[in-house]
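Just below is one structure, and these are the notes that go with it.
The values are calculated or read from the model by the stated rules, or taken from the named source; none is laboratory data. Predicted model, so just to flag it, every value in this text is computed and none were measured. In this analysis, Cβ positions are derived from the backbone assuming ideal geometry, glycine residues included, and neighbour counts consider all displayed protein chains.
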Amino acid sequence: MIVALLLALRWSQTQAAEFHVSGFLEADEVEVGSRVGGRVAKVHVREGDGVEAGAVLFELEPFDLGERLAREAAEVAARQARLAALEAGPRKQEIAAARARLEAARAAEVLAELEDQRTRSLVADAIRSRDALDRSQAELDSARATVRARTEELGLLEEGTRVEEVEAARAELAAARASVAALDRALEELVVRAPLAATLEACALQPGDLVAANAPAAVLRARGELYVRAYVPQDRLAFAVGDRAEVGVDAWPGRRFAGRVTYVAPRGEFTPSNVQTPEERSEVVVRVRIALEEGAGELLPGVAADVWFP
């Protein structure tokens, strides 16, 4: 009998007793807002509401975004028309019209030359004044300049559209389209949606409130996974990621919820600046995360919890 008791005592002393640490139940949170900001037009949810992914949380007033989009869309249409004209090149009718204008300019130049010669003769015979000669010379110079301009105009049309002009028109069209796309995105940002299925944790918005751009306006708590963040002494790290654990809370005395270790920090924390003794080394702790596999509908984040490691 005594031998059996001694053996039982020795066996119990060799078994690893379970230990526990304390932490808090947590859930992933997402802060949402608008990239553009503005005045709140409508609020579709209240704190505590459950929302599905894509559900509208609130809407902002568009202000002048609609007018700016219409203006940029018109600019895109104009740029498209110009590019199409450049890519098509000059039409035969345009070239024919340019030739006709050149012929008319040449005829006017001939008349101007004849009038200038006649004026010079009359001035030489003292019939016309010197001013008349100056006027005829000016008209001749103007006629010759018109011929040069019409010649260059026809030459450009016959040469066709230059590659640089087409590339420049394409770049201008791309820039106009980019402006439209940016305004489209801005209009989309006026409607703020839930990025995931969650519970609305915090949202104090009312119609008329101003929301800053890129600022959190509502907080969502992800549904489903709850976890405990706790700190374990380094000398009790007899477990690894994937090992089972149990979680208990004061609201459910005597009940333990199944969990599993999903993270163990790669280094310890709260290490003294000068570790010299085993007692000081025992103060080093390691952060761990335990995900609950049950209790999602019964437990709430923010409450204290105990974690037992078998």
Inset, instruction - Spot the failing condition for Ala126; the list is (1) in a helix (DSSP H, G or I); (2) modelled with pLDDT under 90; (3) exposed (fewer than 13 other Cβ atoms within 10 Å of the Cβ), and only one is missed. - result: (1)
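Output the residues belonging to the stretch 41-55 that are of a type in the set (A, V, I, L, M) and in contact with a strand residue (DSSP E or B) (Cβ under 7 Å, 6 or more places away or on another chain).
So in the stretch 41-55, the residues of a type in the set (A, V, I, L, M) come out as 41, 43, 45, 51, 53, 55.
Across the stretch 41-55, the qualifying residues are Ala41, Val43, Val45, Val51, Ala55.
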Legend entry - Any hit, the stretch 229-242, residues being in contact (Cβ under 8 Å) with a residue 60 or more places away in the chain, part of a strand (DSSP E or B), of a type in the set (Lys, Arg) and surrounded by fewer than 17 Cβ atoms within 10 Å (Cβ to Cβ): yes
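When you go through Leu200, Leu299, Leu210 one by one, which is the residue that is surrounded by 13 or more Cβ atoms within 10 Å (Cβ to Cβ) and either modelled with pLDDT of 90 or more or in the same structural domain as Ala53 (by TED's automatic domain parsing) (or both)? Can you show your working first?
Numbers: Leu299 fails: either modelled with pLDDT of 90 or more or in the same structural domain as Ala53 (by TED's automatic domain parsing) (or both); Leu210 fails: surrounded by 13 or more Cβ atoms within 10 Å (Cβ to Cβ).
Result: Leu200 is the single residue among Leu200, Leu299, Leu210 that is surrounded by 13 or more Cβ atoms within 10 Å (Cβ to Cβ) and either modelled with pLDDT of 90 or more or in the same structural domain as Ala53 (by TED's automatic domain parsing) (or both).
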Legend entry - Where Ala55 falls short, out of the listed (1) in the same structural domain as Leu210 (by TED's automatic domain parsing); (2) aliphatic (A, V, I, L, M); (3) out of contact with any Lys or Arg (no Cβ under 7 Å at 6 or more places or on another chain): (3)
Inset, instruction - May I ask you to list pairs of residues, at least six apart or on different chains, whose Cβ atoms are under 8 Å apart, with the first in the stretch 8-29 being assigned by TED's automatic domain parsing to the domain that holds Leu299 and surrounded by 15 or more Cβ atoms within 10 Å (Cβ to Cβ) and the second being at pLDDT below 50 and not aliphatic (A, V, I, L, M)? - result: none
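Report whether or not Glu246 is in a loop (DSSP other than H, G, I, E, B), within 18 Å of Glu26 (Cβ to Cβ), touching a strand residue (DSSP E or B) at 6+ places or on another chain (Cβ under 9 Å) and not aromatic (Phe, Trp, Tyr).
no
Would you mention how many residues in the stretch 249-263 are of a type in the set (A, V, I, L, M, F, W, C) and part of a strand (DSSP E or B)?
Result for the stretch 249-263: 3.
When you look at Arg68, is it out of contact with any Gly (no Cβ under 6 Å at 6 or more places or on another chain) and closer than 30 Å to Leu183 by Cα, yes or no?
On the way: out of contact with any Gly (no Cβ under 6 Å at 6 or more places or on another chain): yes; closer than 30 Å to Leu183 by Cα: yes.
Criteria met by Arg68.
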Legend entry - the stretch 129-164, residues that are surrounded by 14 or more Cβ atoms within 10 Å (Cβ to Cβ), closer than 24 Å to Ala88 by Cβ and of a type outside the set (Val, Ile, Thr): Arg150, Glu153, Leu154, Leu157
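A quick yes/no check of all residues on (1) of a type in the set (Lys, Arg); (2) at positive phi; (3) without any contact (Cβ under 8 Å) to a residue 24 or more places away in the chain:
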residue	(1), (2), (3)
Arg39	yes, no, no
Glu52	no, no, no
Phe58	no, no, no
Phe63	no, yes, no
Val76	no, no, no
Glu87	no, no, no
Gln137	no, no, yes
